[in-house]
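The next block holds one structure in the form of structure tokens; read it before the comments.
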There are 2 protein chains.
Amino acid sequence: MASEFELIGRYFSPATHQTRLAGGDDAALLEPRPGFALAVSTDMLVEGVHFLPGTDPEALGHKALAVNLSDLAAMGAEPRWVFLALALPAADEAWVAAFSRGLLQLASAHGVDLAGGDTTRGPRNLCLTIVGEVPVGHALRRDRARAGHDVWLSGVTGEAAAGLAMAKGTLALPPVDAVRCLERLHRPQPRVALGRALAGIAAAAIDVSDGLLADAGHIAERADVAIVIDAVRLPVSSALATLPESDRFAATVAGGDDYELCFTAEPAQRDAVQAAAATAGTPVTRIGRCEGGSGVHVLDRSGTERRLQSAGFDHFR
Amino acid sequence: MASEFELIGRYFSPATHQTRLAGGDDAALLEPRPGFALAVSTDMLVEGVHFLPGTDPEALGHKALAVNLSDLAAMGAEPRWVFLALALPAADEAWVAAFSRGLLQLASAHGVDLAGGDTTRGPRNLCLTIVGEVPVGHALRRDRARAGHDVWLSGVTGEAAAGLAMAKGTLALPPVDAVRCLERLHRPQPRVALGRALAGIAAAAIDVSDGLLADAGHIAERADVAIVIDAVRLPVSSALATLPESDRFAATVAGGDDYELCFTAEPAQRDAVQAAAATAGTPVTRIGRCEGGSGVHVLDRSGTERRLQSAGFDHFR
């Protein structure tokens, strides 16, 4: 390997406060706590596929880790270690400095060690593997949803999709709303504290990366239940207030990249869910319920299923 | 993500015999055994950098995992789970079928679960993250070598380098030797059983991927010792018997990709090392010792330092 790539790797000098041995050996050594299972997720992000050439590297470093933290949040796990493999077309020190700054700041904010990795020449490609801990038996698993469960959503959805439409030039918003939606798109804040607080209280969870309908559908399919959402209960972002109602609805139910948590819990856990949300400082809204059947169904006040119009869908999907 | 890539991902349908939850959720769930530390290593392999376009995909699947298994062997860890992220320029089903066959056969042979991963479109890139277990305190760490330790080597080195020189057309060997060297190059067998057997017996270890001198040098640097190798003790492959002595020596000390283990242990452990080697069915040779000082020094019978001639070095490096 070219020595300049090894040099570049030093920007990622592993932190070691919770890692027995990080870097400088054939493998990192981690010591998980007894009574905890490990949640592990791997994501590969390719330039030209997952992000555009010229993407701000600091925002990219943030987002690459945020997406992985969000996966662990959706398992109810505490993120502890991350491994980064990085291919770069050239040893571009300015790019690496900014990328590592974005990634390491977010890692530090969540108490995550960069425990190891690899740096090489090649078409730009980021592969992150994140490792977290969750008490044995407490993980939030998609297959644990049951008919009769409540369905909950953290925060609001649709803002990142509105930000993306703005970035593409197909949507205009008042400046204050624009700033919020673009920040949401470029610097998502994964719901790590909420996910951890819900472990052992909620049943199933998923992070909303592909849109609420699509992601709730993954729970429905995996657990073999129907998910019924009351349209009137859906929290709607004030940043979308100036949009036509049909666009607002489309952004809310089909917009991706918000990284909110959609989760199910027994009705007996309503107080516990609210207490967990308060602990995490994250608002949650009960938006529906699981029933027998399949699929995801959004009902209006009269109980009629509300369908997405494809125009709105295409706009925010 | 293009649906054909999800389809392709099914070739890697995770095995689940030692994984609580693999695939189909936001993260895999692993339950490490109490009293064990985890050894984790990540490697990224890029087409055109680490392997040539047109490389046999089955051999590539084998080698990609073998290299990672070798990293864990060098830690004394038992490999248990692997995660695979894969970028492919097209959803080439024949390629994936052969690649997954090579990878999964070796995984199965070592009792390793493919516990999760990611598949995407992009320039061909393989990123493997392997997770193994080693009893707390027993890991073979480069920084644990001490002056006075013996230095040992498993098997023989130089065969893969001879295979590479043959593949490049710069070396010819008799057919039986050629077959052996090419097999060694294309289908390395990581010393997993030996590494595990040495945990708690040996001190420092490294796998020989860049050549014995270079890799022993990593131990010397990390542990702040000198490594002195007696040339006469170095095991030499019978497959290299037809080479001029200077080339044989160069291949043995500078040839890479053999994935043997070079390790140190206290002299009081000699019997235990031999017993571990017998348990693992892997020959080991005591080739030298650690002393005060720095660097790696190969001494001839008279105690004179033997230096590599650059011609031989270039040939097999």
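Every read-out reported here was derived from the displayed coordinates using simple, explicitly stated rules and does not represent laboratory data. Because the structure is predicted, anything quoted here is derived from the model rather than measured. In this analysis, Cβ positions are derived from the backbone assuming ideal geometry, glycine residues included, and neighbour counts consider all displayed protein chains.
Fully extending the segment from B:A275 to B:E291, taken as 0.36 nm per residue of separation minus the present Cα-Cα distance, adds 3.3 nm. Helix B:245-254 and the long axis of chain B differ in direction by around 50°, with both axes built from C-alpha atoms.
Over all directions, how big on average is the projection of the convex hull of the alpha-carbon atoms in chain B, in square nanometres? Before the final figure, lay out each step's value.
Numbers: hull surface 67.0 nm².
The Cα convex hull of chain B, projected and averaged over all directions, gives 16.8 nm².
Pair-distance distribution of segment A:187-255: all C-alpha pairs, bin width 10 Å, starting at 0; shares per bin in whole percent are 17, 42, 35, 7. Treating each Cα of segment B:104-145 as an identical point scatterer and summing with the Debye formula, the log10 of I(q)/I(0) at q = 0.15 Å⁻¹ comes to -0.64. Comparing Cα centroids, segment B:67-125 and segment B:268-293 end up 31 angstrom apart. The Rg/Rh ratio of the protein assembly as shown, with both radii computed over alpha carbons and Rh defined as the Kirkwood radius, is 1.03. Toward the positive end of the charge dipole of the protein assembly as shown, with +1 on the Cβ of Lys and Arg and -1 on the Cβ of Asp and Glu, the farthest Cα among B:L106, B:G24, B:V151 is that of B:V151.
Neighbour counts of C-beta atoms inside 10 Å place B:K168, A:K63 in the sequence B:K168, A:K63, starting with the fewest.
In percent, how large is the relative contact order of chain B, given Cα pairs closer than 8 Å and 6 or more residues apart? Working shown, then result.
On the way: 741 pairs, mean separation 69.9, N = 317.
The normalised contact order for chain B reaches 22 percent.
Summarise the partner chain shielding of A:123-132 as one whole number: the mean count of Cβ atoms from other chains within 10 Å of each residue's Cβ. What the average comes to for A:123-132 is 6. Under Stokes-Einstein, with the Kirkwood radius over Cα pairs as Rh, the value for segment A:230-308 at 20 °C and 1.002 mPa s is 148 µm²/s. When the distances between all Cα atoms of segment A:142-308 are binned every 5 Å from zero, what whole-number percent does each bin get? Once binned at 5 Å, the Cα pair distances of segment A:142-308 give 2, 10, 19, 22, 20, 15, 9, 4, 1, 0. Counting only other chain Cβ atoms within 10 Å of each residue's Cβ, the peptide A:71-84 averages 2.
Taking the C-alpha atoms only, the angle from helix B:57-73 to the longest principal axis of chain B is near 60 degrees.
Measure nothing but the geometry: give the 0 to 90° angle between the long axis through the Cα atoms of A:212-223 and the longest principal axis through the Cα atoms of chain A, rounded to 10°. Helix A:212-223 sits roughly 90 degrees off the main axis of chain A.
Relative contact order of segment B:3-135, please, whole-number percent, based on alpha carbon pairs below 8 angstrom and at least 6 residues apart.
Numbers: 255 pairs, mean separation 53.8, N = 133.
Taking the mean separation of contacting Cα pairs over the length of segment B:3-135, I get 40 percent.
Note on segment B:3-135: Cα convex hull, mean projected area over all directions, 7.6 nm².
Mean residue ellipticity at 222 nm from the helices of chain A, using -39,500 (n - 2.57) per DSSP H segment of n ≥ 4 over the full residue count, to the nearest 500 deg cm²/dmol?
Details: 10 runs with 110 residues, N = 317.
About -10500 deg cm²/dmol.
Residue by residue along B:111-120, Cβ atoms of other protein chains within 10 Å of the local Cβ number 3 on average.
Applying a 4.7 Å Cβ-Cβ cutoff to chain A, the cysteines left without a disulfide-compatible partner are A:C181, A:C262, A:C290. Entry note, segment A:142-308: relative contact order of 43 percent, from Cα contacts under 8 Å with a spacing of 6+ residues. Once both labels are positioned 7 Å from their Cα atoms along Cα-to-Cβ, the gap between B:E245 and B:E305 label points is 2.1 nm. Taking every DSSP bridge with both residues inside the protein assembly as shown, close to 75 percent are antiparallel.
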